[in-house]
Amino acid sequence: MPQWIQWILIVTGVLVIALLGRFIWQRSRLLQQQSRQQARNLAFQNERREQMIQSIRVLAMSIEQDQVEYSEACLRIKGLLDHLAPDLLSQSPYRIFQEMHDALQHMPTHQARQDTASRFIDKMDAQRFELERKHADAIRRAATAIRYHTFPDIQGH
């Protein structure tokens with residue numbers, strides 16, 4: 001084989017090796033970036049999750065110390081549990097949060113409440129206070145239970 005063909009094959013081989021090396025380097029950088037992004041996402045999810053757990057515990061403590069209306073706390077805890085552990089809403093003693101939500105969801109809130117006639121608001125408040133009175137023991141038991149509940153960790157995927 002002539003020497004010039006050998007040199008062409010050597011140069012071609014070196015170019016192929018260089019191109020493959022660049023391809024491998026680019027892919028490894030992309031994988032590192034994706035790995036860092038996944039780690040940031042997981043850290044954000046963990047932080048958000050911990051904030052929600054802390055909010056639940058504060059709400060539960062507020063119920064135990066009669067610092068908040070039970071209906072308001074139940075609605076907020078139910079909303080947080082929808083994101084953290086929705087399966088708890090069908091289990092005793094936490095089921096009361098879902099039951100209170102179901103009983104109160106037809107009532108207007110925020111601006112809709114302000115736009116509703118005061119006579120109708122008074123009637124709904126009376127119903128809400130009756131629900132709170134009727135379920136007060138169950139709400140307090142559920143609040144104490146959820147305050148000490150251990151939420152499982154997020155899986156790293």
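The values are calculated or read from the model by the stated rules, or taken from the named source; none is laboratory data. Just so it is clear, the model here is predicted, and its values are computed rather than measured. Cβ: placed from backbone, ideal geometry, glycine included. Neighbour counts: every protein chain shown.
Does Ala73 satisfy being farther than 19 Å from Pro152 by Cα, aliphatic (A, V, I, L, M) and modelled with pLDDT under 95?
For Ala73, the condition - farther than 19 Å from Pro152 by Cα, aliphatic (A, V, I, L, M) and modelled with pLDDT under 95 - is not met.
Being touching a residue at least 24 places away in the same chain (Cβ under 8 Å) and either surrounded by 11 or more Cβ atoms within 10 Å (Cβ to Cβ) or of a type outside the set (Asp, Glu) (or both) narrows it down to one of Phe23, Phe44, Phe97, so name that one.
One residue alone meets the criteria, Phe97.
If we only count helices (runs of 4 or more DSSP H) wholly inside the stretch 56-153, which ones have 3 or more residues that are of a type in the set (A, V, I, L, M)?
70-84, 95-104, 118-134, 136-147
Among the listed residues Ser35, Ser55, identify the single one that is out of contact with any Phe, Trp or Tyr (no Cβ under 8 Å at 6 or more places or on another chain), modelled with pLDDT of 95 or more and within 30 Å of Ala143 (Cα to Cα).
So the residue among Ser35, Ser55 that is out of contact with any Phe, Trp or Tyr (no Cβ under 8 Å at 6 or more places or on another chain), modelled with pLDDT of 95 or more and within 30 Å of Ala143 (Cα to Cα) is Ser55.
For the stretch 47-75, how many residues are of a type in the set (Val, Ile, Thr), without any contact (Cβ under 8 Å) to a residue 60 or more places away in the chain and either within 19 Å of Leu104 (Cβ to Cβ) or touching a helix residue (DSSP H, G or I) at 6+ places or on another chain (Cβ under 6 Å) (or both)?
Residues in the stretch 47-75 being of a type in the set (Val, Ile, Thr), without any contact (Cβ under 8 Å) to a residue 60 or more places away in the chain and either within 19 Å of Leu104 (Cβ to Cβ) or touching a helix residue (DSSP H, G or I) at 6+ places or on another chain (Cβ under 6 Å) (or both): 1 in total.
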